[in-house]
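Data block below; observations after.
The values are calculated or read from the model by the stated rules, or taken from the named source; none is laboratory data. The structure displayed is predicted, hence computed values, not measured ones. Cβ placement follows ideal geometry from the backbone for every residue including glycine, while neighbour counts extend to all protein chains displayed.
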């Protein structure tokens, strides 16, 4: 993924402090950030708008990040011309096999909380 592009990012995150911190951090790089406050809203926004990337919290009310990712991947499969949208898990729970669980759950990578713009950009370099 080209870091110079003005990426359109869907941030699916229920915590207001994390939302503000990430939006400010990402705005410094001219990324456009749209916020969904839970997984269900994230799926709805994904089905109505075009995004280059999704940052997905794992633990959220109404619908967690795994179910949201599953539904997004199903939407992609139903519309082959849509292509694959990278989903990066954004979580404080990175112990044990969380990375493996996220990858098996349809996510492309995992980013630890608190948000670190350098780690985020390193992940962007690895995405197609």
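Just a few scattered comments:
- The set of residues from the stretch 18-72 being more than 16 Å from residue 85 (Cα to Cα) and surrounded by fewer than 14 Cβ atoms within 10 Å (Cβ to Cβ) comprises 20, 24, 27, 28, 30, 59, 61, 62.
- Residues of the stretch 1-21 that are in contact with a strand residue (DSSP E or B) (Cβ under 9 Å, 6 or more places away or on another chain), within 20 Å of residue 50 (Cβ to Cβ) and either in a loop (DSSP other than H, G, I, E, B) or at pLDDT below 90 (or both): 1, 6, 7, 13.
- Scanning the stretch 1-24 for residues that are touching a helix residue (DSSP H, G or I) at 6+ places or on another chain (Cβ under 8 Å) and within 17 Å of residue 89 (Cβ to Cβ) turns up 1, 9, 10, 11, 12, 13.
- Qualifying residue in the stretch 72-80 (condition: at pLDDT below 90 and at negative phi): yes
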